[in-house]
Amino acid sequence: MAADNFARILVICTRQIGDVLLTTPLIDAAKRRWPDARLDVLGFAGTLGVLRGNPQIDRLIEVPAGSGWLRSLALIGRLWRRYDLALIAQGSDRAHLYGAVAARRRSGLVESKRSNAWWKKALLDHAVAVDEDPTHAVLEKLRLLEPWAAPQHEVRVQAPPGHPLPPALAARLRERYVVLQVPTIVHYKQWPLVHQSVLVRGLLDDGLQVVLTGGPSEGDRAKTAQVARAVEEDGGASGTADDARVLDVAGLLDLNQMATLLHGAALYIGPDTSITHLAAACGTPVIAIYGPIDPRLFGPWPQAHPASQPYVERARRQPRATILLLQGDPPCVPCNAQGCERHNDSRSECLETLLPQRVLDEARAKLGLPHAAERAGGPVGAAALASAAPVASVASAAPETPAASALHFDIDGAAR
């Protein structure tokens, strides 16, 4: 197999945005092995934006999420034996069937303990079992090239190229700002909003600007607005929109613009979500707040780390390159399940008990600021929050003031 020379390669990743982003080391390794090959990527519509502008990719092929096979017949016809090699970076039935249609040679991820694993293995030239040992998603995908390429000495996740920010936002960003990703796609990964409000208040007290991020969905925008409103109400609205030091940009930015925002941030704080992976790929200092999920599987990848496991199963804090990964204290961490109640909307005690003061202390350390014990005001809590300045959804570049009002932006970037 080592001598195989493939001219047309298809990478298949029919999953979420974070999974697609973590496929970029595989794409890079494939292009290094076959630099003259045409390389296309197939994934669900709405997830491939994180790959737009990647110079190693010739074409992005979008499949409507949730579409049945009848709706996919036209695509299947176009894919039929179009490629020499399919790299199936997702273990689902659909991903493997697309691979079987598209290429004569196939390497794929397989959940080997499932009852349907036999037919997937039968269709593959090389199968990578993903349920035998706790292996990071980046390393699982790189193993797809085991028959053809040696492991890389340094592994990097490639962020998309940055695009200009909306002018109204760019004009209000200050020189030093912190990005806080508020929502998660599932509740069991959600760090409580009340904790986030306390954290924001502490960062404002340190003279920092805070940018609240989230997706365009109604739920995401409601959560960022709730954090902004809580800080504003507890601090008392004062100042003008141009004084705002908290910016709510949920739904305002595409992934390329998000990369620009992250590249300029002094610090990023966020939960187990795709934007946390993107921040790590941008090289931004990151505090990742992890709950039930094992970081050995999906922790944010430290740039230039060797092709080996970067994380351990459990530790209160795991510093890796620009990343600090925090885990909760309950003895069940990480259960690697859907929270305490085992469903997407479940609570997670490990996140509920991971208090904002702990995150704030770590943020101050990363930013070179004094910890709460060294400050005259003492730890941030309800009393500190009550006397703090309010939040805004897009902060200004005006001089810092003791108190600031919230500033929100519409989806077209206009301040309101």
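The values are calculated or read from the model by the stated rules, or taken from the named source; none is laboratory data. Worth saying up front: this structure is predicted, and the values here are computed from it rather than measured. Note that we place each Cβ from the backbone using ideal geometry, even for glycine, and neighbour counts take in every protein chain shown.
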Quiz item: List pairs: first in the range 199-215 and within 16 Å of Thr260 (Cα to Cα) and modelled with pLDDT of 95 or more, second of a type in the set (D, E, K, R) and in a strand (DSSP E or B), Cβ under 7 Å, 6+ apart or cross-chain?
Solution: Leu212/Asp248
Self-check item: Candidate set: the range 162-188, residues that are part of a loop (DSSP other than H, G, I, E, B) and out of contact with any Ser or Thr (no Cβ under 9 Å at 6 or more places or on another chain); chosen: the one surrounded by the fewest Cβ atoms within 10 Å (Cβ to Cβ)
Solution: Glu175
Exercise. State which residue pairs qualify: first residue in contact (Cβ under 8 Å) with a residue 24 or more places away in the chain and more than 22 Å from Val50 (Cβ to Cβ) and inside the range 161-173, second residue surrounded by 16 or more Cβ atoms within 10 Å (Cβ to Cβ) and aromatic (Phe, Trp, Tyr) in any location, beta carbons under 8 Å apart, and separation of 6 or more residues or different chains.
Key: Ala168/Phe409
Exercise. State whether one or more residues within the range 189-212 are under 30 Å from Ile12 (Cβ atoms), in contact with a His (Cβ under 8 Å, 6 or more places away or on another chain) and either of a type in the set (S, T, N, Q) or in a helix (DSSP H, G or I) (or both).
Key: no
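Yes or no, residue by residue, for (1) surrounded by 19 or more Cβ atoms within 10 Å (Cβ to Cβ); (2) aromatic (Phe, Trp, Tyr); (3) farther than 27 Å from Pro151 by Cα; (4) touching a strand residue (DSSP E or B) at 6+ places or on another chain (Cβ under 7 Å):
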| residue | (1), (2), (3), (4) |
| --- | --- |
| Leu203 | yes, no, yes, yes |
| His263 | no, no, yes, no |
| Ile289 | yes, no, yes, yes |
| Ser308 | no, no, no, no |
Exercise. Filter the range 7-33 for residues that are within 21 Å of Ala102 (Cα to Cα) and at pLDDT below 95 and give the result.
Key: Thr14, Arg15
Exercise. Looking for whichever is under 25 Å from Leu139 (Cβ atoms), acidic (Asp, Glu) and at pLDDT 95 or above here; the options are Asp36, Asp4, Asp40, Asp93. Which one fits?
Key: Asp40
Practice problem: Tally the residues that are under 25 Å from the mean Cα position of the chain (by Cα) and either at pLDDT below 95 or crowded, with 21+ Cβ neighbours inside 10 Å (or both), restricting the search to the range 232-252. | Solution: 7
Quiz item: Within the range 314-357, which residues are in contact with a helix residue (DSSP H, G or I) (Cβ under 6 Å, 6 or more places away or on another chain) and not aliphatic (A, V, I, L, M)?
Solution: Gly328, Pro330, Gln338, Gly339, Cys340, Asp345, Ser346, Ser348, Pro356
